[in-house]
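Below: the structure, in structure tokens.
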Amino acid sequence: MPTGRKILALLFELEAEDGNICLLIAWLDRFSNGKYLEPTHPDKTLLEVRAGDRLTFKRKHLFSIKRLKPWRTSECKDETQYTEIVCGEDWEAGV
């Protein structure tokens, strides 16, 4: 059952191929993807990715997802009130 809540931006903890860790915020467009960050799997959106999936930044930097959580949502909570999630799509559905 849909909850009516929507993720506007996701915070990703990413691991680069050299082992470096970085945080990246992706504001989602109407197709649930970011301007510079996109899943390597052509049939997935940023709302469908999970820890372990791979993303590209600006189509040239490859990262693995370590963790993700909502950054901005329709609930208008402070970003510190959101916990780590498995998948954005599941969070929106209330799973």
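Every residue, every condition in (1) modelled with pLDDT under 95; (2) farther than 22 Å from Ala93 by Cα, yes or no:
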site	(1), (2)
Ala26	no, no
Ser32	yes, no
Tyr36	yes, yes
Leu55	no, yes
Ser64	no, yes
Arg67	no, no
Leading residue by the ranking (surrounded by the most Cβ atoms within 10 Å (Cβ to Cβ)) among those in the stretch 51-95 that are touching a Gly at 6+ places or on another chain (Cβ under 8 Å) and either hydrophobic (A, V, I, L, M, F, W, C) or part of a helix (DSSP H, G or I) (or both):
Leu68
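Yes/no matrix, rows are residues, columns are (1) touching a residue at least 12 places away in the same chain (Cβ under 8 Å); (2) part of a strand (DSSP E or B); (3) within 15 Å of Glu84 (Cβ to Cβ):
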| position | (1), (2), (3) |
| --- | --- |
| Arg5 | yes, no, no |
| Leu14 | yes, yes, yes |
| Asp18 | no, no, no |
| Glu38 | yes, yes, no |
| Lys44 | no, no, no |
For the stretch 2-35, which residues satisfy the criterion of being at positive phi and loosely packed, with under 11 Cβ neighbours inside 10 Å?
Gly4, Gly19
Of the residues in the stretch 36-50, those that are surrounded by 17 or more Cβ atoms within 10 Å (Cβ to Cβ) and among the β-branched types (Val, Ile, Thr) come to Thr45, Val49
Within the stretch 46-95, restricting attention to residues that are among the polar types (S, T, N, Q) and free of Cβ contacts under 8 Å to residues at least 24 places away in the same chain, which residue is farthest from Glu15 (Cα to Cα)?
Gln81
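The values are calculated or read from the model by the stated rules, or taken from the named source; none is laboratory data. Everything numeric here is computed off the predicted structure, so don't read it as measured data. For neighbour counting, all protein chains shown are included, and Cβ atoms are generated from backbone atoms with ideal geometry for every residue, glycine included.
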